[in-house]
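Report on the structure given below.
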Amino acid sequence: MKPNVISFDTETHLIKPGLSVPKMVCGTFADSRADFPADLTCLLTSRVDQFWVRGTASLVNPQATADTLRSVLKDGLHIVCQNAPFDMAVAMRQDPSLVTPIFEAYDEGRIHDTMIREMLNDIARGCLGIDPDTRKPFRYNQASLEKRHLGIDRTDAKTNPDAWRLRYAELDGVPLAQWPKEAVIYPLEDAENCLSLFHKQADFQNLNDEASQVRAHFALHLGAAWGIRTNPDAVREFTNRVLTQQRLDQEKFHLAGIYRKERNGKYVKDTKALAAKVTLAYGGNPPTTPSGAVATDKDTLIESGDDLLIELAETSANNKLANSYTKGLAHGTRHAMTLKPNPLLETGRTSYRAGAEDMTVNPQVFPRKGGVRECIEARPGRVLVSVDYSTQELRTLAQVCLWSVGYSDMADALNAKRDLHTALAAKIMGVTYEVALSLVDSEDKRALDMRQMAKPVNFGLPGGMGPPTLVFSARNSYGVRFCELSGQCEKCGTQGKVTQWGKKEITPTCKVCLDVAAMLKDEWMTQWSEMQGYFAWVKSQITLHDGITHYVSERFRGGVGFCDGANGGFQGLAADMSKAALWLVTMDCYAHPDSPLYGTRVPAFIHDELLCEVPEPRLHEAAYKVADHMRTAAQAYCPDIDPGELEPAAMRRWYKKAKTVLDKNGRLIPWEPKP
């Protein structure tokens, strides 16, 4: 029996920097069981309150919205919204007594979202974010869904600057009977069309995963709305440092003829001059872009062998800090940095984008070095707590191999609490794990080098990387040059470069690095012998079904190639696990007053890590409750794999190197950096 479903929408003041849950102005509901007049009618509910109705929809004031929503939730009805987290958070702001019943409805799977439903179906079709007919980008707002499914074009009502959609603050406190007709019709149509969209989506694929994804989206939105604050002194030091270095770099490369100085005093890269230098460095035969232009990307510059071009490539890290982080971090000293989460990528993972002007800081892609993280601080009376899953995607890979292949050497190693990188290093060195571990613990240089070399191999090869991609991934993400770390070259590239690997043309790449990468792949395939079976399983799924079905969630991802399929097999399981943990934590933060987590917030969700802001008096109990919830989620999604150590680190500012620190009574206290 299909549940009764009512659509719900709100109109509000505009969001602004530091405020992404604005004040409600009105609410609308649409109920297919309703029998309102077909024409727009204003009805009197008391001597002072009115509400507008038309067809199946009604528009009411904020207090009546809260009362109606409370009644709907109490009756156990299902609710559908377009971008549900926004409307639910607005409702909770209007009436905090709605917090618990809203969370209960989410937990019971009674909240639906037309946006999430559409995204899940497009994942199954292999066209997330792309219109399959035009191949142009597709946005999952209500206007786009109405065009796709209802044949309705309300572009003008949605985007016209004079339209009521962005002007409802003007009507705050104005009796509904006095509202202009256009201001009444717009939200009624939103509610009616949302309900129509829900029914159009009834036969969509992947709806079995809707409840989990909708819950995660709500948790992400609440954390993002809480936002991140930054330390003024740290931001000032960071900004001065990176901008000063950027200016020095620009002046240096201006003298070298690579930058030119504009009349306004700003330096601009001279692309023609740079292309000429790259051409010269490659002996007149430089790498080119697909359009035929001379390539000047970072990899091309580094592989050129030209000291000046290599140095130019190395300035990209500081330029990234200066151009992408200074404004956003400064914003965080004035207002909370509120982000907009993208709740669902093809793999099941998430991302963030800017939530307000100037706000360009995304905690999921913070650089490992440079001091960005260290600018993030807890609010007064609170402490930051970080808990992460160690080698999460390798653990989910091992679990998927147990299910798909029937065994896993990696699972055996993890359950024996062995370090996977040391295990692979032992294989490379030709020694036992115990010997390799002893050498690593004693800081033997070769053992440490081999373990460092094993990291990009363990993390990169499960996704089907070939040696060329592995070489560049190791260098760019881990600072590892295989030829140097293996001891076969003193300087990368001095023993020659190649421009072809198999039948594929590649950026000129160190030949020795490629040979070492090929050797490492062979060793890796031997160390984790199940991988051959895993890759065969991925290929069979793609051949038979044109996609893969994720374990546990049973979410289908269509239209994938081999590498996407190989990555997706374990990345999707990891994403689902982390989202489940986020939901358990967020439930306690808002809806369970007896939990030590009540009042805690989760402003950043970094794939395998939860960054929380905890009231300091409950630091110890709250931090370990986060770890408990993460362990519970891990056991649900990887029942046969040890989840690893889940030790919380507390700190006043965000440090990646922070460790668990206990006082003499065994209670968690904030870690402090050495002076």
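For segment 1-38, the candidate set comprises residues that are modelled with pLDDT under 80 and not aromatic (Phe, Trp, Tyr); within that set, the residue that is most open to solvent (accessible area, probe 1.4 Å) is MET1.
The residue that is surrounded by the most Cβ atoms within 10 Å (Cβ to Cβ), among those in segment 175-196 that are part of a helix (DSSP H, G or I) and free of Cβ contacts under 8 Å to residues at least 24 places away in the same chain, is ALA183. Within segment 93-110, no residue that is closer than 17 Å to LEU77 by Cβ and crowded, with 16+ Cβ neighbours inside 10 Å sits with its Cβ atom under 7 Å from a residue that is modelled with pLDDT under 95 and among the aliphatic types (A, V, I, L, M) at 6+ positions apart or across chains. Restricted to segment 554-642, the set of strands (runs of 3 or more DSSP E) holding at least 2 residues that are out of contact with any Gly (no Cβ under 9 Å at 6 or more places or on another chain) and at pLDDT 95 or above comprises 609-615.
Comparison of LEU321, LEU309, LEU344 shows that the only residue that is within 22 Å of the chain's Cα centre (by Cα), open to solvent by less than 40 Å² (accessible area, probe 1.4 Å) and more than 30 Å from GLN213 (Cβ to Cβ) is LEU321. Are any of the residues in segment 590-612 more than 18 Å from PHE218 (Cα to Cα), polar (S, T, N, Q) and in contact with a strand residue (DSSP E or B) (Cβ under 9 Å, 6 or more places away or on another chain)? For segment 590-612, residues more than 18 Å from PHE218 (Cα to Cα), polar (S, T, N, Q) and in contact with a strand residue (DSSP E or B) (Cβ under 9 Å, 6 or more places away or on another chain): absent. In segment 154-174 there is no residue matching the filter, namely being part of a helix (DSSP H, G or I), closer than 25 Å to GLY559 by Cα and of a type outside the set (S, T, N, Q).
Among the residues of segment 268-275, is any more than 22 Å from LYS320 (Cβ to Cβ) and without any contact (Cβ under 8 Å) to a residue 12 or more places away in the chain? Yes, the conditions are met somewhere in segment 268-275. Residues in segment 504-524 that are part of a helix (DSSP H, G or I) and within 30 Å of the chain's Cα centre (by Cα): 3 in all. One residue alone among PHE472, PHE459 is closer than 20 Å to TRP528 by Cβ, buried (at least 19 other Cβ atoms within 10 Å of the Cβ) and under 24 Å from the mean Cα position of the chain (by Cα), and that residue is PHE459.
Are any residues in segment 146-164 modelled with pLDDT under 85 and open to solvent by less than 40 Å² (accessible area, probe 1.4 Å), and if so, which ones? Selection gives ALA157, LYS158. Scanning segment 264-322 for residues that are of a type outside the set (Ser, Thr, Tyr) and in a helix (DSSP H, G or I) yields a total of 28.
The values are calculated or read from the model by the stated rules, or taken from the named source; none is laboratory data. For clarity, every value in this text was computed on a predicted model and none was experimentally measured. For neighbour counting, all protein chains shown are included, and Cβ atoms are generated from backbone atoms with ideal geometry for every residue, glycine included. These accessible areas exclude ligands, DNA and RNA; they are computed on the full protein's heavy atoms, side chains included. Shrake-Rupley method; radii C 1.70, N 1.55, O 1.52, S 1.80 Å.
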